[in-house]
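The block underneath contains the structure these notes are about, expressed in structure tokens.
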Amino acid sequence: MTKKRVLLKLSGETLSGDGQSVSTKSIQTIADEIKSILSERVELSIVVGAGNLWRGAGKEINRASADKMGMLATVMNAIAISEVLIANDIKSVVLAASGVTNFCETFSQAKAIEYLSKGYVVVFAGGTGNPYFTTDTTAALRACEIKADIILKATQVDGVYTADPRKDPTAKKYDKVSYKEAIDKNLKIMDISAFLLCMENNIEIYVFDFHKKGNLKRVLDGECIGTLIS
């Protein structure tokens with residue numbers, strides 16, 4: 001059976017809990033979800049945001065500098081995830097964008113694919129290595145580079161809706177939506193540069209509620225519990 005190459009996009013907030021910006025208890029929950037899907041049929045990589053540690057700044061810190069700080073924050077989050085995975089007997093490595101840090105290996109396409117083929121969970125850190133790009137764009141870029149089959153976008157809602165379901169009780173959920181429809185309806189799935197990268201390279205996106213136990217496995221088992229963009 002051909003392995004499915006998956007990129008999991010996590011928000012930084014997924015790592016927080018119990019009043020801590022980085023909670024090992026929360027990361028253990030992530031590790032438990034990952035354990036349930038690692039097999040001969042899945043190659044897994046992760047891109048993590050930095051919102052638990054850094055959400056930009058006001059006029060005192062310019063955008064480029066704020067983004068650099070955010071890139072460094074993603075390295076901290078990536079190392080934390082990788083270390084907890086290793087503690088759970090899951091092979092893992094952190095690959096950071098060039099020029100961002102000396103605390104982990106530098107990303108290259110060949111290196112990432114080699115680690116994936118050897119059963120490592122590869123955690124991508126440091127964004128794209130350049131300011132003005134979000135971790136959504138990082139996820140789309142890395143997915144293209146490793147030729148991922150799909151991006152799983154982990155959220156706190158169970159898919160994409162016509163409006164924010166927390167504010168609009170009449171909002172309807174999509175099971176499937178095309179790239180064009182998502183753009184035409186301005187559905188807030190990813191930032192536009194990330195979304196266009198996925199569309200141009202025909203990489204599917206699946207939006208789902210990661211915080212419900214067992215959902216990661218359900219998605220990979222083919223259950224319709226979120227929204228597929230293709």
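The values are calculated or read from the model by the stated rules, or taken from the named source; none is laboratory data. This is a predicted model, so every value here is computed, not measured. Note that we place each Cβ from the backbone using ideal geometry, even for glycine, and neighbour counts take in every protein chain shown. Side chains included, ligands, DNA and RNA excluded: accessible areas come from the protein's heavy atoms. Shrake-Rupley method; radii C 1.70, N 1.55, O 1.52, S 1.80 Å.
Each other residue within a Cβ distance under 14 Å of Gly99 adds +1 if Lys or Arg and -1 if Asp or Glu, for a net charge of -1. Residues with amide H under 5 Å of Gly159's amide H, sequence separation 5 or more or different chain, H placed in the peptide plane at 1.01 Å from N; which? Hits under the 5 Å cutoff: Asp209. Ligands, DNA and RNA left out, the 1.4 Å accessible surface of the chain is 51% carbon and sulfur atoms.
In this structure the amide hydrogen of Lys4, modeled in the peptide plane, comes within under 5 Å of the amide hydrogens of Val42, Glu43, none closer than 5 places in sequence on its chain. Kirkwood analysis of the stretch 1-110, using all unique Cα-Cα pairs, places the hydrodynamic radius at 15.0 Å. Using a probe of 1.4 Å, the accessible surface attributed to Ile225 totals some 40 Å² when neighbouring protein chains are kept in position. Per-residue ellipticity at 222 nm from helix content only, as computed over the chain with -39500 (n - 2.57) for each DSSP H run of at least four residues, stands at -10500 deg cm²/dmol. Taking θ as phi - 60° and the Karplus parameters 6.51, -1.76 and 1.60, the scalar couplings of the stretch 152-161 work out to 9, 8, 7, 9, 9, 10, 8, x, 9, 10 Hz in sequence order, x denoting glycine and proline. The 3J(HN,Hα) values that the Karplus relation (6.51, -1.76, 1.60; θ = phi - 60°) gives for the stretch 16-25 are, in residue order, 8, x, 6, x, 10, 5, 10, 10, 5, 5 Hz. Gly and Pro appear as x. Accessible surface computed residue by residue for the chain, with neighbouring protein chains in place and a 1.4 Å probe, gives 50 Å² per residue. Taking GluC sites (Glu not before Pro) in DSSP loop conformation with at most 10 other Cβ atoms inside 10 Å as exposed sites, the chain has its longest uninterrupted site-free stretch at 61-230. Determine the shape class of the stretch 40-171: with a ≥ b ≥ c the square roots of the Cα gyration tensor eigenvalues, call it rounded for a/c under 1.5, and otherwise prolate if a/b is greater than b/c, oblate otherwise. It is oblate, given that a/c is not under 1.5 and a/b is not larger than b/c. Measuring between their Cα centroids, the stretch 159-181 and the stretch 50-125 lie 31 Å from each other. Taking amide hydrogens as placed 1.01 Å from N in the peptide plane, the amide H of Gly49 sits under 5 Å from those of Leu10, Ser11, Gly12, each at least 5 positions away in sequence or on another chain. The HN-Hα couplings worked out from phi for the stretch 133-149 by the Karplus form 6.51 cos²θ - 1.76 cosθ + 1.60 (θ = phi - 60°) are 10, 8, 6, 4, 5, 4, 4, 5, 5, 5, 4, 5, 5, 8, 6, 5, 7 Hz, whole numbers, x standing for Gly and Pro.
Counting only protein heavy atoms and using a 1.4 Å probe, the accessible area of Leu38 comes to about 60 Å².
Across all Cα pairs in the chain, the calculated P(r) in 10 Å bins from zero up to the longest distance comes to 8, 34, 39, 18, 2, 0 percent per bin.
Mind checking the full-extension length gain between Glu60 and Tyr132? Use 0.36 nm per residue of separation minus the Cα-Cα distance, one decimal, nm. So the chain would gain 24.2 nm between Glu60 and Tyr132. Available extension along the chain between Gln156 and Lys185 is 8.3 nm, counting 0.36 nm per residue and deducting the alpha carbon span.
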